[in-house]
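Please treat every number below as a calculation from the coordinates, not as lab data. In this text the structure is predicted, and so the values were computed from the model without any measurement. As a convention, Cβ positions derive from the backbone with ideal geometry for all residues, glycine included, and neighbour counts pool all protein chains shown.
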Amino acid sequence: MSDWLLDPDIAYLNHGAFGALPQAVADAALDLRLMMERCPTDLMARRLPRLLDDVRGRLAEFLSADAAGCVFVANATTGTATVLNSLAPSFEAGDEVLITDHRYGAVASQTARVSTDRETATVCAHVPLSLSSPGDVVAAIIERVTPRTKLLVVDAIASPTGFVFPVQQIVAAAHDHGVPVLVDAAHAPGQIANDLAAIDADFWVGNLHKWVCSPRASAILSIAPRWRSTIRPLVASHHFDLGLQEAFDWTGTFDPVNVLAVPAALDFWDAAGWDAIRRQQRALVDDGAAKVAAALGTQVPITDAFRAAMRIIELPTPLSREQGLDIEGLLAARYQVEISVMHVHDKSFVRVCGQIYNTADDYERLAAGLSELLES
Ligand SMILES: Cc1ncc(COP(=O)(O)O)c(C=O)c1O
């Protein structure tokens with residue numbers, strides 16, 4: 001735990017929400033900041049494009065992506081908004097944007113906004129937590145495709161459920177119907193292995209501050225060749241018309257340290273080995289979630305094939321949104337335990353994560369605290 005900036009007194013089971021910073025990455029980011037501040041003009045006006053290219057190249061290798069189609073965005077929210085905003089002018093009244101009932105709330109807000117502006121419909125596919133084969137997940141989504149579907153937005157790993165979607169199969173099936181796919185991969189970089197060339201999504205956006213643990217916040221948006229002249233940043237600046245990366249690399253003055261520190265974060269994980277890390281994360285969260293479910297007398301849904309480092313544990317009774325927020329606050333204040341309460345498919349769940357700084361004791365504290373709170 002001393003390798004991380006987290007308060008050691010907190011059982012921090014909410015890594016998926018905002019990530020957390022390893023000491024080594026914080027040190028590297030501070031060095032970068034000091035380097036920048038010695039001559040901001042030199043860094044911002046002259047060296048930045050080359051430095052961003054270097055980070056892009058390293059990330060493209062990490063994600064098996066085509067560096068030529070990768071741009072940086074402030075966060076996943078900006079990435080999905082960027083794609084929707086660029087595509088929306090081509091949507092006509094009655095067209096449909098297909099999402100799932102695992103999607104992130106911000107994405108639902110964005111598609112709703114497009115629906116209002118363009119008189120399109122947002123269609124929502126129901127993906128039951130009990131599904132156990134990738135083919136059934138693909139079918140649950142693709143059966144909602146119609147001739148009016150202009151875009152499918154699907155999660156790589158869903159926020160409210162931790163469900164790992166078989167994105168490669170989903171993209172292939174959507175393409176068979178001529179439907180482009182935006183993958184909301186906010187949780188994917190680091191938490192799972194990603195082969196963007198194989199996934200072949202039209203658009204894929206992943207956060208780097210969550211499971212890669214670079215400083216908050218930055219994200220990478222990968223755009224397939226056929227869309228590179230369509231996708232433009234939300235904010236136009238000097239180089240808007242010069243080309244894809246030129247337009248995104250400068251959208252006005254920003255703090256580049258978060259992006260420039262990404263290689264230090266990748267180095268941190270490379271040293272331990274991603275496969276070993278992922279096995280450790282899964283073992284921690286599998287054991288921990290099972291203990292919490294046993295204490296509550298409930299279950300941990302979602303089959304092993306669709307699990308990574310986040311689990312949801314069913315609560316004995318559904319809670320209102322306010323009750324869920326109260327539980328989160330009370331767990332933090334009384335027991336120093338951080339989790340998220342999620343509401344999906346008319347049930348409520350506690351979402352826990354497994355990160356290498358966690359211990360079995362963290363989940364035991366949650367089990368004890370939650371049992372007390374729910375009994376009182
Ligand atoms: C699936 C998903 N998409 C998008 C986001 C938005 O990420 P950010 O707040 O970094 O933009 C999140 C954040 O948790 C998420 O879980």
Most exposed first, judged by fewest Cβ atoms within 10 angstrom, HIS126, HIS209, HIS187, HIS345 run HIS126, HIS345, HIS209, HIS187
Which whole-Hz couplings ³J(HN,Hα) result when phi for each residue of the stretch 3-19 is put into the Karplus expression 6.51 cos²θ - 1.76 cosθ + 1.60, θ = phi - 60°, listed in order with x for Gly and Pro? 6, 10, 7, 4, 5, x, 7, 9, 7, 8, 9, 10, 4, x, 5, 9, x
List, in order, the whole-Hz ³J(HN,Hα) value for each residue of the stretch 333-348 obtained from phi through the Karplus relation with A = 6.51, B = -1.76, C = 1.60 and θ = phi - 60°; use x for Gly and Pro. 6, 8, 10, 6, 10, 10, 9, 10, 9, 10, 10, 9, 6, 6, 10, 10
If each residue of separation counts as 0.36 nm, what is the full-extension length gain between GLU143 and ALA93 once their alpha-carbon separation is subtracted? 15.8 nm
What is the chain by shape, rounded, prolate or oblate, if you read a ≥ b ≥ c off the alpha carbon gyration tensor as root eigenvalues and call it rounded for a/c under 1.5, prolate for a/b larger than b/c, and oblate otherwise? oblate
For the residues LEU208, LEU370, what sequence is obtained by ranking on other C-beta atoms within 10 Å, fewest first? LEU370, LEU208
Value at 222 nm in deg cm²/dmol, rounded to 500, when DSSP H runs of n ≥ 4 in the chain each add -39,500 (n - 2.57): -13000 deg cm²/dmol
Run through the stretch 11-97 and list the GluC sites (Glu not before Pro) located in a DSSP loop whose Cβ has at most 12 other Cβ atoms within 10 Å. GLU92
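Using a Förster distance of 41 Å, how high is the FRET efficiency between SER320 and ARG113, based on the Cβ-Cβ distance and rounded to 0.05? Show your work: numbers first, answer last.
Values: r = 26 Å, r/R0 = 0.63.
Approximately 0.95, to the nearest 0.05.
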Any chance you could check the Cα centroid distance between the stretch 47-116 and the stretch 300-365 for me, in angstrom? 28 Å
Pop a pseudo-label 7 angstrom from the Cα along the beta-carbon direction at both ASP101 and GLN336 and give the gap in nm to one decimal. 4.0 nm
For the stretch 59-144, just say rounded, prolate or oblate: build the C-alpha gyration tensor, square-root its eigenvalues into a ≥ b ≥ c, call rounded for a/c under 1.5, and beyond that prolate if a/b exceeds b/c, oblate if not. oblate
Give me the distance between the Cα centres of the stretch 7-28 and the stretch 240-285, rounded to whole Å. 15 Å
Mind sorting HIS343, HIS177 by how few other Cβ atoms lie within 10 Å of their own Cβ, fewest first? HIS177, HIS343
For the stretch 1-137, rounded, prolate or oblate, judged on the Cα gyration tensor with a ≥ b ≥ c (square roots of eigenvalues), a/c < 1.5 rounded, else prolate if a/b > b/c? oblate
